[in-house]
Amino acid sequence: MADYEIFELGNVPLQSGVTLQRAKLAYKTYGTLSPARDNVIVMPTFYGGTHTETESLMGLGRPLDPARYFIIVPNMFGNGLSSSPSNTPPPLDRAAFPRVTLYDNVTCQHRLITEHFGINQIRLVVGFSMGAQQAFQWGALYPEMVQAIAPICGTAKTSPHNYLFLEGVKAALLADDAYQDGWYERPPVKGMIAFSRVYAGWVFSQDFFREQEYRKLGLASVDDATRMIEGYFRQRDTNDLLAMLATWQHADISANPIFKSDLAAALRAIRCRAIVMPCTTDLYFRVQDNRLEAAQMRHAELRPIPSIWGHIVGLGANPPDNAFIDAALSELLT
């Protein structure tokens, strides 16, 4: 049985101009909503991940404690649980699935929070990677509702270099003849293997490999680290990965009718307290990108995570990184 629930969104007009018919938002909750409905934390998912992978940041006695807070984890469109190429019926299935934006994701999540749960105050929106991008979007779109945000290893707008990296991994998927322009009947495995090898070279830092930090994950070699990434992505559908990749490439919290592509205005609109946590060795989302963004926010502190683990510091695998992140979350929830 599924360990999540479905919020039926109905027909959702997307920014692309396409209406996503019978759209579904998969979500899971942890903990109990207080009578005053004032103990809410929202944690959107990240690229390739589901609610299950966000659980590494939760725990009894930790800041994201289900015994104290009502934690809602909405699954991003395209991740295989919410509406995605792999689970949407024709005519919007597989390669025909429309592009979905940060704005599309967060406005639908807002409907879940307000229409389904009747919640009008959120203590914290926290997210890793693309979850961080959604946290920025929450703060900009709903400043009267969100009391704090904690973006971890993610930016308010995808940088040109990040966009170019994604073009590379996308090319690896599309180069497999079995992909058949997205209308494949069997998984394009060769493309997925190539995608994973490129991704593995970026998701960890150079220092991570030099210091053999992968041994802390029970891995014996660089090849083992690559195979770990391959095993993770081989569980996903190729069209789903491409759908989320398009959202990532075009992520921009100002690209919507509210801010009309004025990124400075979108960042100024975030009135809540924010602790922005890039990793010092992240090859995707660089500290300098967040520094420029935080400087334009009203109450933001840039607090880089001093780690050689690269982008994956937000996955909860390294205890010192967890302690650093937890300290910041505790401050935001105090």
Show me, for region 11-25, the HN-Hα J-couplings you get by feeding each phi into the Karplus relation (A = 6.51, B = -1.76, C = 1.60, θ = phi - 60°), rounded to Hz, glycine and proline as x. 8, 10, x, 8, 4, 5, x, 8, 8, 7, 6, 6, 5, 10, 10
For region 271-310, the convex hull over Cα atoms projects on average to an area in nm² of 2.6
Using alpha carbon centroids, what distance separates region 277-334 and region 1-69, in Å? 22
Dipole magnitude of region 64-207, debye to nearest 20 (Cβ charges: Lys/Arg +1, Asp/Glu -1, about Cα centre): 140
Peptide ranges 183-195, 101-113, 311-323 listed from the most packed, as the mean C-beta count within 10 angstrom indicates: 101-113, 311-323, 183-195
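May I ask what percent, to the nearest 5, of DSSP beta bridges between residues of region 8-91 are antiparallel?
Of all bridge pairs located within region 8-91, approximately 75 percent are antiparallel.
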About its Cα centre, what dipole magnitude does the chain give when the only charges are +1 on Lys and Arg Cβ and -1 on Asp and Glu Cβ, stated in debye to the nearest 20? 460
Listed residue (Val18, Ala96, Val73) projecting farthest to the positive dipole end of region 1-113, Cβ model: Val18
Modelled label-to-label distance, Arg197 and Asn87, 7 Å Cα→beta-carbon offset: nm? 3.2
Mind checking the per residue accessible area of region 161-271 for me, 1.4 Å probe, whole number of Å²? 49
Going residue by residue through region 73-86, the Karplus relation 6.51 cos²θ - 1.76 cosθ + 1.60 with θ = phi - 60° gives ³J(HN,Hα) values, rounded to whole Hz and with x marking Gly or Pro, of 10, x, 7, 5, 4, x, 8, x, 9, 6, 3, 8, x, 7
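Can you show me the helix-derived [θ] at 222 nm for the chain, built from DSSP H runs with n ≥ 4 at -39,500 (n - 2.57) apiece and divided by the number of residues, rounded to the nearest 500. Please list the in-between numbers first.
Working: 11 runs with 114 residues, N = 334.
Result for the chain, helices only: -10000 deg cm²/dmol.
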Would you look at the GNM of the chain, springs on alpha carbons closer than 10 Å, and say which of Gly31, Gly48, Gly127 moves the most? Gly31
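For region 34-114, give the magnitude of the charge dipole about the Cα centre (Cβ charges: +1 Lys/Arg, -1 Asp/Glu; no others), in debye to the nearest 20.
Values: 6 positive and 6 negative charges, 22 e Å.
So the dipole magnitude of region 34-114 works out to roughly 100 debye.
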Could you sort 198-206, 66-74 so that the peptide with the highest average Cβ count within 10 Å comes first and the rest follow in order? 66-74, 198-206
Packing-wise, with mean Cβ within 10 Å as the measure, how do 5-13, 287-295 rank, highest first? 287-295, 5-13
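May I ask what percent, to the nearest 5, of DSSP beta bridges between residues of the chain are antiparallel?
Details: 12 of 30 bridges.
So the antiparallel bridges amount to about 40 percent of the total.
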Global size of region 226-277 as Cα Rg and Dmax, reported in angstrom: 16.5, 43
FRET efficiency for Asp207 and His161, Cβ-Cβ distance as r, R0 = 22 Å, nearest 0.05? 0.70
For q = 0.13, 0.17, 0.21, 0.22 Å⁻¹, what log10 I(q)/I(0) does region 192-334 give under the Debye formula with an equal point scatterer on each alpha carbon and no solvent? -0.73, -1.10, -1.29, -1.32
Scattering from the C-alpha atoms of the chain alone, worked out with Debye: what is log10 I(q)/I(0) at q = 0.08, 0.12, 0.14, 0.15 1/Å? -0.34, -0.81, -1.14, -1.32
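The values are calculated or read from the model by the stated rules, or taken from the named source; none is laboratory data. In this text the structure is predicted, and so the values were computed from the model without any measurement. Note that each Cβ is placed from the backbone with ideal geometry, even for glycine, and that neighbours are counted across all protein chains shown. Note: accessible area is taken over every heavy atom of the protein model, side chains too, but ligands, DNA and RNA are not part of it. Shrake-Rupley method; radii C 1.70, N 1.55, O 1.52, S 1.80 Å.
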